[in-house]
Amino acid sequence: MTRIYNFSAGPAMLPEAVMRQAQAEFLDWQSSGMSVVEISHRSKPFEDLLQEAEHDLRDLLKVPKNYHVIFLAAPARAQFAMIPMNLLRGKTTADYIDTGIWSHMAAEEGKKYCEVNVAASNQNHLSTIPARSTWQLNPDAAYVHYTSNETINGLEFPGIPDVGNVPLVVDMTSSLFSRTLDVSRFGLIYAGCQKNFAPSGMTLIIVREDLLGNALPFTPTVLDYQIQVDNHSLYYTPCSFSCYFAGLTFKWLKQQGGLAEIEKINRRKAAKLYHYIDQSNFYTNSIDPTYRSIMNIPFSLANPDLDQTFLKEAEKNGLTNLKGHRLVGGMRASLYNAMPEEGVDALVEFMQGFTEEFVNTSI
Ligand SMILES: *Cc1c(COP(=O)(O)O)cnc(C)c1O
């Protein structure tokens with residue numbers, strides 16, 4: 001068996017050690033004679049599994065006591081509706097920071113439920129984030145929504161924006177667990193799990209207690225955060241395999257030294273690729289250096305006629321899924337936690353070799 005380096009934006013590579021453990025105990029979990037995907041979600045072993053996963057997650061992110069954790073069987077996108085359904089709290093308007101494809105989609109969906117104030121937008125120049133001093137925030141907004149890492153554009157907030165007392169809501173689908181985080185700065189954090197910590201099918205939500213209990217009257221019961229919290233994410237049948245796998249990943253992250261250590265490795269991996277791109281006269285990344293993502297790195301070739309050859313040659317070298325998103329074009333390398341540093345080294349080496357073999361040296 002040969003594993004290759006998969007640069008997909010999601011579903012994406014998962015830690016090999018975790019995959020091996022899941023494989024080894026798949027048929028007989030904890031000597032039960034059953035698989036973890038066959039046991040009842042109402043059984044004590046499953047309840048323990050979920051509690052342990054939450055415990056490890058709280059350890060990793062140092063989640064304060066007044067926050068609840070929800071493991072929700074839903075796509076990340078469901079939050080675009082669930083957030084206004086649950087967090088308006090009698091208010092009629094919410095602020096959105098539009099920095100790319102995902103945050104834009106969140107704002108569009110929000111319009112079904114409330115008056116959306118786009119407090120800042122980069123739709124005319126997707127390669128940067130408008131300065132905080134230009135944001136038109138509304139002090140009466142129910143919340144401020146933003147996307148910490150725009151997976152498609154490769155644009156990331158280097159820090160957490162200050163929005164005063166209005167609860168800050170963040171889509172961290174492609175950046176949660178990639179670096180340390182001060183959870184206390186947020187009203188709500190959510191992340192679809194298929195980018196950086198588990199197979200697809202689940203979204204993790206961390207929500208501050210005082211924001212709960214105000215769902216709009218028509219909110220479906222299964223989409224009410226309060227119901228999920230009251231039932232410890234077991235109101236309905238959860239995505240058991242994703243819960244289990246996420247729990248294993250949290251233990252793996254702790255073994256790696258926690259998020260501070262992971263962040264160091266992630267920064268080193270990203271810096272290697274950016275450094276190579278920047279000194280090259282064939283590859284470019286056009287994102288404002290202040291806002292470059294450490295998870296998703298788009299780049300383009302000076303001669304787009306070579307894109308197909310590049311992708312084909314990369315495949316031959318065991319480097320896959322480098323094609324950029326159809327809305328952006330070019331290439332994109334996603335370097336989530338599970339991408340080993342050797343994968344980045346292999347990519348850089350390949351990119352170098354590609355220019356030597358296919359590019360006219362007079363460029
Ligand atoms: C992938 C992604 C989503 C969408 O995830 P789904 O689970 O497919 O809905 C939302 N936001 C961000 C930032 C993403 O990267």
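Work out the length of the dipole vector of the chain about its Cα centre, built from +1 on the beta-carbon of each Lys and Arg and -1 on the beta-carbon of each Asp and Glu, and round it to the nearest 20 debye.
Value, rounded to 20: 240 debye.
Lys/Arg Cβ at +1, Asp/Glu Cβ at -1, dipole of the chain taken about the Cα centre: which of Met82, Tyr5, Phe177 is farthest positive-ward?
Met82
In debye, nearest 20: dipole of the stretch 270-332 around its Cα centre with unit charges on the Cβ of K, R (+) and D, E (-)?
Roughly 200 debye, rounded to the nearest 20.
Taking R0 as 35 Å, what FRET efficiency do you get between Ser40 and Lys112 from their Cβ-Cβ distance, rounded to the nearest 0.05?
0.45
Efficiency by 1/(1 + (r/R0)^6): what FRET value for His275 and Val359, r their Cβ-Cβ distance, R0 = 22 Å, to the nearest 0.05?
The computed FRET efficiency comes out at 0.70.
Residues in the stretch 314-350 near a label at Ala260, defined as backbone nitrogen under 13 Å from the 7 Å Cα→Cβ point?
Under 13 Å, as judged by backbone N against the label point of Ala260, lies no residue of the stretch 314-350.
Let a ≥ b ≥ c be the square roots of the eigenvalues of the Cα gyration tensor of the chain; is it rounded (a/c under 1.5), or, if not, prolate (a/b larger than b/c) or oblate? Show your work: numbers first, answer last.
Working: a/c = 2.17, a/b = 1.22, b/c = 1.77.
In terms of gyration-tensor shape, oblate.
Could you pull out the chymotrypsin sites (Phe, Trp or Tyr not before Pro) across the stretch 1-83 that fall in loop regions by DSSP (anything but H, G, I, E, B) with no more than 14 other Cβ atoms inside 10 Å?
On the way: sites: Tyr5, Phe7, Phe26, Trp29, Phe46, Tyr67, Phe71, Phe80; in loops: Phe7, Phe26.
In loop regions of the stretch 1-83 (DSSP not H, G, I, E or B), the sparsely surrounded chymotrypsin sites (Phe, Trp or Tyr not before Pro) are Phe26.
Please work out whether the stretch 1-61 counts as rounded, prolate or oblate from its C-alpha gyration tensor, where a ≥ b ≥ c are the square roots of the eigenvalues and a/c under 1.5 means rounded, while otherwise a/b larger than b/c means prolate and anything else oblate? Mind showing how you got there, number by number?
On the way: a/c = 2.55, a/b = 1.39, b/c = 1.83.
Since a/c reaches 1.5 but b/c is at least a/b, the shape of the stretch 1-61 is classed as oblate.
Using Cα springs under 10 Å in a Gaussian network model of the chain, which residue among Lys62, Lys316, Lys254 shows the largest mean-square fluctuation?
Lys316
Say each of Asp345 and Gln30 gets a label point 7 Å from the Cα, pointing the same way as Cα to Cβ; how far apart are those two points in nm?
Between Asp345 and Gln30, the simple spin-label model gives 3.9 nm.
Nearest 500 deg cm²/dmol is fine: what mean residue ellipticity at 222 nm does the chain get from its DSSP H runs of n ≥ 4 alone, each adding -39,500 (n - 2.57), divided by its residue count?
Numbers: 9 runs with 118 residues, N = 363.
Calculated at 222 nm, the ellipticity per residue is -10500 deg cm²/dmol.
Past 20 Å, Cα to Cα, is the threshold; run Lys62/Lys91; Lys269/Lys312; Lys195/Lys312; Lys195/Lys251; Lys62/Lys269 against it and keep the listed order.
Lys62/Lys91; Lys269/Lys312; Lys195/Lys312; Lys62/Lys269
Tell me which DSSP H helices of the chain clear both cut-offs, 27 Å or more of axial length from alpha-carbon atoms and a mean Kyte-Doolittle hydropathy of at least -1.0.
Flagged H segments are 258-279.
Could you give the length gained on full extension between Glu52 and Asp182, defined as 0.36 nm per residue of separation minus the Cα-Cα distance, in nm?
Residue separation times 0.36 nm, minus the Cα-Cα distance, leaves 44.7 nm.
Run the accessible area of the chain with a 1.4 Å probe and give the carbon-and-sulfur part as a rounded percent.
50
With +1 on each Lys and Arg Cβ and -1 on each Asp and Glu Cβ, how big is the dipole of the stretch 245-298 about its Cα centre, in debye rounded to the nearest 20?
240
For the chain, build the charge dipole from Cβ charges (+1 Lys, Arg; -1 Asp, Glu) around the Cα centre, then report which of Ala53, Gly110, Gly192 sits farthest towards its positive end.
Going by the Cα projections, it comes out as Gly110.
Taking a probe of 1.4 Å, how large is the accessible area per residue of the stretch 1-46, in Å²? Write down the numbers at each step before the final one.
Values: 2930 Å² over 46 residues.
Roughly 64 Å² per residue, with all protein chains present.
The values are calculated or read from the model by the stated rules, or taken from the named source; none is laboratory data. Only a predicted model underlies this, so the values are computations on that prediction, with no experimental measurement involved. Cβ sites come from the backbone with ideal geometry, for glycine too, and all protein chains shown count toward neighbours. Keep in mind that these areas ignore ligands, DNA and RNA; they rest on the heavy atoms of the full protein, side chains included. Shrake-Rupley method; radii C 1.70, N 1.55, O 1.52, S 1.80 Å.
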